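Peer 1: This is the structure I want to talk about, given as structure tokens.
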Amino acid sequence: MRQKISGFTIYLLFLSFPNLLHAQIALTEWRSHLPYSHGIKLTATPDKIFCATESAVFSYNKNDNSIEKFSKVSGLSDVGISTIEYSHENQVLLIAYTNTNIDLIENNTIHNLSDIKRKPISGLKKINDIVFINQFAYLSCGFGIVVINLEKKEIKETYYIGENGTQIEVHELAFDGTYLYAATEHGIYKANINNPNLIFYSSWILMTGLPNYKKNFNAITIFNSKLIVNRSDQNSNTDTLFVHDGSNWSAFDTRQGIQNYSINSFTNRLIIASGSLIRIYNKNLEQINEINNYGWSIPHARCALLDQTNTLWIADFEAGIIKTSDYVNFYSFLPNGPYNTDVFSISVEGGNLVLSGGGLDGAWNNIYKPGELFTFENEQWNSIIDYSIRDVVKVLVDPANPNVFYAATWGYGILQYENGKPLNHFDDSNSTLESIIAGEDFIRVGGLAFDSKHNLWVTNSGVGSPISVKKYDGSWENFPYGSIVNAPTISDIIVT
């Protein structure tokens with residue numbers, strides 16, 4: 001069974017092709033090729049905006065407009081980012097990974113804390129968010145709350161705040177100077193931070209008074225002395241925002257069909273990132289701005305913040321970092337890279353590299369993933385996402401013309417591209433390829449190979465003639481080897 005190759009393994013595969021990278025890096029050096037478009041979290045230092053993506057971290061320098069990439073190759077301890085946060089008081093950047101590993105970056109030095117990663121925990125091991133209070137970092141985790149002493153660079157204690165001290169997923173924390181509030185999968189909990197017994201679950205009180213108060217709350221913040229929370233309902237895709245004024249709860253902005261990813265508060269502004277919508281409120285919780293279009297794309301906002309110049313920065317899941325100062329002009333910043341980390345097939349020829357992001361399940365059935373093709377040429381990645389096809393399982397660069405490549409699909413035949421543009425689509429109407437079910441998209445091609453005469457040989461699973469060849473003159477011929485092959489599915493093919 002073929003397995004997908006992770007984005008990290010790509011480094012190793014790239015090093016296998018010295019002709020492709022010879023001019024850029026030395027033979028013994030490492031290099032990362034990661035996607036940077038899927039922004040999930042932002043944090044600001046005095047002169048930089050850091051963006052966490054699903055795969056890596058990058059920063060944008062507001063002074064000189066430079067972009068810097070951070071990955072395991074550049075010194076980080078792990079791959080797969082969960083969240084990120086910067087402490088202005090401690091001048092520390094904390095990076096949390098999806099496997100709960102942690103890096104503290106201070107004075108250009110990386111300190112790794114792998115305690116949570118190494119500790120066997122039966123619950124959900126993940127880090128959702130980070131809040132800094134004095135010299136401590138409070139981590140919202142899938143099992144509770146972890147407190148890190150930033151000065152000693154060690155874990156201070158862990159709070160299991162669920163009923164009777166059970167594990168409970170904490171999505172986010174907020175602090176008003178006295179109370180620590182936790183948005184969890186089963187409601188909002190609060191505790192006095194001066195209580196010396198926060199490690200005991202009885203110190204944490206479940207807040208009541210709002211509808212369905214034991215439901216899932218994924219976001220929380222303090223704004224203008226008010227507690228703002230979001231109750232998440234992924235089943236209906238409609239979240240509800242509530243405000244607590246110190247005495248009573250009330251709902252606000254109860255529009256339907258909106259999923260709120262983050263709520264961030266600043267001196268006089270509240271910003272809510274809701275995917276295709278970013279809303280900005282004043283101190284009276286009156287909406288003063290709404291962003292639902294960049295002019296060149298709709299938003300896919302996961303997080304938004306204001307810097308000291310009131311410039312709005314957005315972590316966008318399709319465009320990396322978005323910047324706007326006037327809410328009219330929007331600019332995207334991100335390093336060049338492939339669209340995602342999914343790699344199922346790879347081919348290189350004449351300095352051109354092509355990857356496919358398709359796949360199959362363990363029984364060789366379709367997973368119906370949109371056609372994903374990534375090319376690397378002249379130090380630039382380009383991504384081709386074709387929703388008219390599914391499951392690209394094999395790519396092959398033409399050795400006679402590296403600007404041309406072929407993409408085999410598990411159901412839609414073969415596509416031919418030239419200079420990144422579709423050139424031909426071969427199926428049962430213009431080739432000898434056959435569909436398992438006539439007239440349906442079951443033309444399953446799993447293998448491609450050129451012979452010395454530039455004939456393209458292909459495998460065609462589940463049909464009576466499982467081998468076809470596209471000859472150099474453009475004509476096609478198939479071979480009735482079904483009884484000889486005697487297998488329901490055929491993968492790759494090698495021509496000797």
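Peer 1: Kindly check whether there is at least one residue in the range 472-486 that is in contact with a helix residue (DSSP H, G or I) (Cβ under 7 Å, 6 or more places away or on another chain), in the same structural domain as SER388 (by TED's automatic domain parsing), surrounded by fewer than 19 Cβ atoms within 10 Å (Cβ to Cβ) and modelled with pLDDT under 95.
Peer 2: Checked against the condition, which is being in contact with a helix residue (DSSP H, G or I) (Cβ under 7 Å, 6 or more places away or on another chain), in the same structural domain as SER388 (by TED's automatic domain parsing), surrounded by fewer than 19 Cβ atoms within 10 Å (Cβ to Cβ) and modelled with pLDDT under 95, the range 472-486 yields no hits at all.
Residue by residue, here is whether (1) within 28 Å of the chain's Cα centre (by Cα); (2) closer than 21 Å to GLY359 by Cβ holds:
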| residue | (1), (2) |
| --- | --- |
| LEU396 | yes, yes |
| PRO399 | no, no |
| PHE405 | yes, yes |
| THR409 | yes, yes |
| LEU423 | no, no |
| LEU448 | no, yes |
| SER452 | no, no |
| TRP457 | no, no |
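Peer 1: Next question, about the same structure. For residues that are of a type in the set (Ser, Thr, Tyr) and assigned to a strand (DSSP E or B), scanning just the range 44-66, find the one that is surrounded by the most Cβ atoms within 10 Å (Cβ to Cβ).
Peer 2: Checked the range 44-66; the qualifying residue surrounded by the most Cβ atoms within 10 Å (Cβ to Cβ) is THR53.
Peer 1: Next question, about the same structure. Go through the range 78-89 and count every residue that is under 17 Å from LYS125 (Cβ atoms), assigned to a loop (DSSP other than H, G, I, E, B) and either touching a helix residue (DSSP H, G or I) at 6+ places or on another chain (Cβ under 7 Å) or not acidic (Asp, Glu) (or both).
Peer 2: The qualifying residues number 2.
Peer 1: Another question about this same structure. Examine the range 90-101 for a residue that is of a type outside the set (Ser, Thr, Tyr), surrounded by 22 or more Cβ atoms within 10 Å (Cβ to Cβ), within 24 Å of CYS51 (Cβ to Cβ) and in contact with a helix residue (DSSP H, G or I) (Cβ under 7 Å, 6 or more places away or on another chain), and state whether such a residue exists.
Peer 2: yes
Peer 1: Restricting attention to the range 133-155, report how many residues are surrounded by fewer than 15 Cβ atoms within 10 Å (Cβ to Cβ) and either aliphatic (A, V, I, L, M) or in a strand (DSSP E or B) (or both).
Peer 2: The total comes to 2.
Residue-by-condition table, conditions (1) surrounded by fewer than 22 Cβ atoms within 10 Å (Cβ to Cβ); (2) modelled with pLDDT of 95 or more; (3) not assigned by TED's automatic domain parsing to the domain that holds LEU360:
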site	(1), (2), (3)
TRP410	no, yes, no
LEU415	no, yes, no
ASN430	yes, yes, no
ILE437	yes, no, no
PHE450	yes, yes, no
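Peer 1: From the list ILE291, ILE280, which one is in contact with a Ser or Thr (Cβ under 9 Å, 6 or more places away or on another chain) and hydrophobic (A, V, I, L, M, F, W, C)?
Peer 2: Answer to the selection: ILE291.
The values are calculated or read from the model by the stated rules, or taken from the named source; none is laboratory data. Here the structure is a predicted model, which means the values were calculated and not measured. With ideal geometry, Cβ positions are generated from the backbone for all residues, glycine too; neighbour counts draw on all protein chains shown.
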